[in-house]
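See structure below.
The values are calculated or read from the model by the stated rules, or taken from the named source; none is laboratory data. The shown structure was predicted, so the numbers you read here are calculated from the model rather than taken from an experiment. Here the Cβ positions follow ideal geometry from the backbone for every residue, glycine too, while neighbour counts run over all protein chains shown. Accessible surface is based on the protein model in full, side chains and every heavy atom, while ligands, DNA and RNA are left aside. Shrake-Rupley method; radii C 1.70, N 1.55, O 1.52, S 1.80 Å.
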Amino acid sequence: MFRKWMICGAALLLMVTATRAETIEDKVAVCAGCHGADGKPVDKTIPTIWGQQAGYLYIQLRDFKRGDRKSDIMQPIATQFERDDMLAIAEYFSQKPWPDLGQPRAPKDVAAKAVSASASVGCPACHLDRFQGDGTVPRLAGMGRDYLAKTIADFRNRARGNNPGMSDLMLATSPDDLAALVEYLAGL
Amino acid sequence: MYVKGLAAFAAALGVGLLSGAAVAQEVKQEKQSVLGNATVSPVTQEQLNAADKNAKDFLLTNGNYAQTRFYPGKQIGRDNVKNLHVAWIFQTDVKESLETSPIVVDGVMYVTTSFSHVYALDAKTGQQLWHYAHKMGPITVYCCGPNNRGVQVLGDRVYLATLDSKLMALNAKTGEVVWTTNIADPELGYSETMAPTVVKDKVLIGTNGGEYGIRGFVRAYDAKTGKQLWNFNTIPENSVGVWATKDATGRDMHRNIQAEKDVLAKIGDPYAKLGGGVWQNPSVDLATNRIYFVVGNPSPDLDGSNRPGDNLYTNSLVSLDLDTGKYVCHFQYIAHDVWDLDAVSPTVLVNVKDKDGKTIPGVIHAGKTGHIYVHDRKDCSLIRFSEAMVPQENMWVLPTKEGARMLPGANGGVEWSPIATDPGQELAYAINLHQPMTYHVESSAYPNGKLWLGGAFKVIPSEKQSGNITAVNYNTGKIKWQVKTPEPMIGGILATAGGLVFTGEGNGKFAAYNSSNGKELWSFRAGAGVNAPPSSYMIGGKQYVVVGAGGNTQLDYKRGNNIIAFTLD
């Protein structure tokens, strides 16, 4: 995993410094290095961005640039973009088909536990029916399992600081319930 | 473009294109607007003023400017409601939370759906006349569902407020856009789900965003041009208030006033990001030219540590002058709220008995606390509050990191659901939730328009939830009758001169009850949650009752996309 990250990161740094993006295709070329040329991320801790909600993708790029969301890889990339670029990139990826990562459905008992935990803090109120997301709220259904687990952990310890409301909700939910949620969401 | 893009980044990485198209698991249906050429009758201000006496139309979201939701027609009554049957069903293109209040103008019905779509329908047949599919901006930030609660018509224009915080006028005949005005920046947490109230060429609108650190407002826009006429900030620059230690019912809220004063000295007045959304329509007193509305919770919802003071005018009844937007009076139910038990359900203007038994103009509001509050319209003062319609326990325990149990849960009591009244019986009808919850507090800095709850309210899975329909005598505060329902209720209710109340449940049941004793007289299974307020109207000498059955995001009730009209043989 470490090796994959190194390659992915090195490729990106080369591209960021070597090219000046012009067209939307040029601007998004860098993304495939980690997020996948076919929409399937090259590493399991990297999020799916194909078919993701445009508003959410824009806000993440904005937050990387502002430094509200930390990432040694994403910050230098986002820094070169203006708001219109970010909106265009977000729209571009939102129009791509969501990739099937082939993750199995959660067993019934795990799903039941996840649904109960979700109802308890009201996840569907923002992520909507079947966790499809909308606007600035991301789709979670079918997202990579390891990325979901890492994100939840990062929310819980506030390493991911650009949505404290999510940190609050994750902190109010037990690790057991969150583990069930990860499995359930990944398998949707 | 698509192939070129793929080729570009594949080449850049020195890898070939992968075979096999990725398949989307879910695709949201994108619909285009369908313009029409409907025959419509322009709505005059005089018609709107007299809406309370008009059984033919249903002109305002809550029936009339007083928002009584009392329909004056009585063809459908206690004796014949058992014969009520489906007249038509219209299926919208959007299968998501449905909170619309159908408006009916001379045989044309206007309904809305989630994501700010509008449909004009033939109210007799359900046939679509036109469909406005709002092209949503990429940035929407909203809590509790992509809802829309309806439109209002004045002249030949239909007024709509959208999820991406725009105010629009549509042509009532065709569905074409006449003008669009940006209300506020959605990137900072502003959104719109309420129906506008249009009166005297002004379009009145509040804003959502109390969960995102906005500064709330109510505004008036020129109905002809969309130009802003006045703005009232629901959070004044001096939001500190009187350091109230008790709520409207006299219960201690366990505030640490000295600690708050210390924070105030350090950070100053927190008014700029203090929340105070306005979720529902104001009522309009045409005689005094005043409006009355309620203001929602402070931001962040559960963490009061960095918002010292009473947080005026959150959780308050507020009255303004209609022409100028100037403050007239207010009454705060819960100062420095840390439970999100705010004021959401729309106000209703009725004559009430004051403490001496004298009949005076009153204004009533049903709270998330489960009380119906009765006020003097002149100065907003509280005359009385009703018996609690839902169990109350451990009020007002302060939220903790681990979670403190308190009833009601944060959804109420009465959520945004409008109440109905029957002035002849001196009764107010409210639908309630009972959801035992624990309240958790966490502290974080203002997150630039992101969700800012300051903790969490958690349903306790092991405890039974329920709902109820409650009739309260607003002149005594006593509960006249109550019908228990298996699930918490959200949506709305309609009372009629036929001696009935109509309301729906999340399990798809839509029913009529005797408005004097709560006896169930008729019911129908809609197949999806009936979580929208019903309306009623007449065409060709026949009375119809109409309601949306599309479920609810906030409580995750089964989604659907039906508008269902009922009539007698």
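Would you confirm whether or not segment B:313-329 contains a residue that is among the hydroxyl-bearing types (Ser, Thr, Tyr), crowded, with 24+ Cβ neighbours inside 10 Å and within 21 Å of B:Val198 (Cβ to Cβ)? The answer is yes, given that some residue of segment B:313-329 is among the hydroxyl-bearing types (Ser, Thr, Tyr), crowded, with 24+ Cβ neighbours inside 10 Å and within 21 Å of B:Val198 (Cβ to Cβ). Pairing each residue of segment B:338-367 that is at positive phi with any residue that is of a type in the set (Asp, Glu) and crowded, with 16+ Cβ neighbours inside 10 Å, provided the two are 6+ apart or on different chains, yields C-beta distances under 7 Å for B:Asp340/B:Asp301.
Only residues that are in contact (Cβ under 8 Å) with a residue 60 or more places away in the chain, of a type outside the set (Val, Ile, Thr) and on the phi < 0 side of the Ramachandran plot: list them for segment A:135-156, please. Those that are in contact (Cβ under 8 Å) with a residue 60 or more places away in the chain, of a type outside the set (Val, Ile, Thr) and on the phi < 0 side of the Ramachandran plot: A:Pro138, A:Arg139, A:Met143, A:Gly144, A:Arg145, A:Asp146, A:Tyr147, A:Lys150.
When each of B:Ala388, B:Ala366 is tested for being over 22 Å from B:Asn62 (Cβ atoms) and buried (at least 18 other Cβ atoms within 10 Å of the Cβ), the lone residue that passes is B:Ala388.
Look at segment A:48-65: where a residue is under 16 Å from A:Arg83 (Cα atoms) and within 12 Å of chain B (Cβ to nearest Cβ) and a partner is open to solvent by 20 Å² or more (accessible area, probe 1.4 Å) and in a helix (DSSP H, G or I), sitting 6+ places away or on another chain with Cβ atoms under 6 Å, you get A:Ala54/A:Glu91; A:Ala54/A:Ser94; A:Tyr58/A:Leu87. For segment A:157-172, a residue qualifies if it is touching a residue at least 40 places away in the same chain (Cβ under 8 Å) and at the interface with chain B (Cβ under 8 Å from one of its Cβ atoms), and the qualifying residues are A:Asn162, A:Leu169, A:Ala172. Looking across segment B:465-487, the residues that are more than 14 Å from chain A (Cβ to nearest Cβ), on the phi < 0 side of the Ramachandran plot, in a loop (DSSP other than H, G, I, E, B) and not hydroxyl-bearing (Ser, Thr, Tyr) come down to B:Asn475, B:Lys478, B:Pro486.
Restricting attention to segment B:486-504, the residues that are open to solvent by 10 Å² or more (accessible area, probe 1.4 Å) and within 22 Å of B:Gly370 (Cβ to Cβ) total 2. A single member of A:Ala149, A:Ala159, A:Ala88, A:Ala112 is surrounded by fewer than 21 Cβ atoms within 10 Å (Cβ to Cβ), within 15 Å of A:Trp50 (Cα to Cα) and of a type in the set (Gly, Ala, Ser), and it is A:Ala88.
For (1) open to solvent by 10 Å² or more (accessible area, probe 1.4 Å); (2) more than 22 Å from B:Met489 (Cβ to Cβ), each residue gets a yes or a no:
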position: B:Glu402; (1), (2): yes, yes
position: B:Leu407; (1), (2): no, no
position: B:His434; (1), (2): yes, no
position: B:Ser443; (1), (2): yes, yes
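Looking only at residues of segment A:66-81 that are within 16 Å of the chain's Cα centre (by Cα) and among the charged types (D, E, K, R), we find that the one that is farthest from B:Lys450 (Cα to Cα) is A:Asp72.
The strands (runs of 3 or more DSSP E) falling completely within segment B:120-201 that include 2 or more residues that are polar (S, T, N, Q) and more than 22 Å from B:Gln91 (Cα to Cα) map to B:177-182. One residue stands out in segment A:107-147 among those that are of a type in the set (Ser, Thr, Tyr) and farther than 22 Å from B:Met437 by Cβ: the one that is farthest from the other protein chains (Cβ to nearest Cβ), namely A:Tyr147.
The numbered conditions (1) open to solvent by 30 Å² or more (accessible area, probe 1.4 Å); (2) more than 14 Å from every other protein chain (Cβ to nearest Cβ) are all true for B:Leu188 except (2).
Every residue, every condition in (1) under 16 Å from B:Pro196 (Cα atoms); (2) within 23 Å of the chain's Cα centre (by Cα); (3) at pLDDT 95 or above; (4) open to solvent by 10 Å² or more (accessible area, probe 1.4 Å), yes or no:
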site	(1), (2), (3), (4)
B:Asn80	no, no, yes, yes
B:Leu98	no, yes, yes, no
B:His117	yes, yes, yes, yes
B:Lys124	no, no, yes, yes
B:Trp130	no, no, yes, no
B:Thr162	yes, yes, yes, no
B:Ser165	yes, yes, yes, no
B:Asn171	yes, no, yes, yes
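Name the pairs: first residue in segment A:23-40 and within 16 Å of A:Gly51 (Cα to Cα), second residue of a type in the set (Lys, Arg), Cβ to Cβ under 9 Å, at least 6 apart or on different chains? Listed pairs, sorted by first residue: A:Gly39/A:Lys96. Quick one: would you say A:Ala112 is modelled with pLDDT of 95 or more and closer than 22 Å to A:Asp100 by Cβ? Judged against the criteria, A:Ala112 is not a match. The single condition from (1) outside any loop (DSSP other than H, G, I, E, B); (2) within 19 Å of the chain's Cα centre (by Cα) that A:Ala111 fails is (2). Within segment B:505-525, the set of residues being assigned to a strand (DSSP E or B) and open to solvent by 10 Å² or more (accessible area, probe 1.4 Å) comprises B:Lys509, B:Asn514, B:Glu520, B:Leu521, B:Trp522, B:Ser523, B:Phe524, B:Arg525.
So that you can scan it fast, the table gives a plain yes or no per residue for (1) within 30 Å of B:Gly518 (Cα to Cα); (2) under 21 Å from the mean Cα position of the chain (by Cα):
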| site | (1), (2) |
| --- | --- |
| B:Ala430 | yes, yes |
| B:Leu433 | yes, yes |
| B:Thr438 | no, no |
| B:Ser444 | no, no |
| B:Lys450 | no, no |
| B:Ala456 | no, no |
| B:Lys464 | yes, no |
| B:Ala471 | yes, yes |
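Flag: A:Thr173 matches the condition of being open to solvent by less than 30 Å² (accessible area, probe 1.4 Å), polar (S, T, N, Q) and not in a helix (DSSP H, G or I).
Among the conditions (1) of a type in the set (Lys, Arg); (2) open to solvent by less than 30 Å² (accessible area, probe 1.4 Å); (3) at positive phi, the only one that B:Lys200 does not satisfy is (2).
Among the residues making up segment B:426-444, a single one is among the aromatic types (Phe, Trp, Tyr) and over 15 Å from B:Thr369 (Cβ atoms): B:Tyr429.
Pairs are defined by a Cβ separation below 7 Å, a sequence spacing of at least 6 or placement on different chains, a first member in segment A:95-106 that is more than 8 Å from chain B (Cβ to nearest Cβ) and charged (D, E, K, R), and a second member that is assigned to a loop (DSSP other than H, G, I, E, B) and open to solvent by less than 60 Å² (accessible area, probe 1.4 Å); the pairs so defined are A:Arg105/A:Gly187. Condition check for A:Lys27 on (1) modelled with pLDDT of 95 or more; (2) within 28 Å of B:Leu188 (Cβ to Cβ): one failure, at (1). Of all residues in segment B:173-183, those that are among the aliphatic types (A, V, I, L, M) and open to solvent by 20 Å² or more (accessible area, probe 1.4 Å) total 2. Restricting attention to segment B:367-415, the residues that are part of a loop (DSSP other than H, G, I, E, B) and of a type in the set (Val, Ile, Thr) add up to 4.
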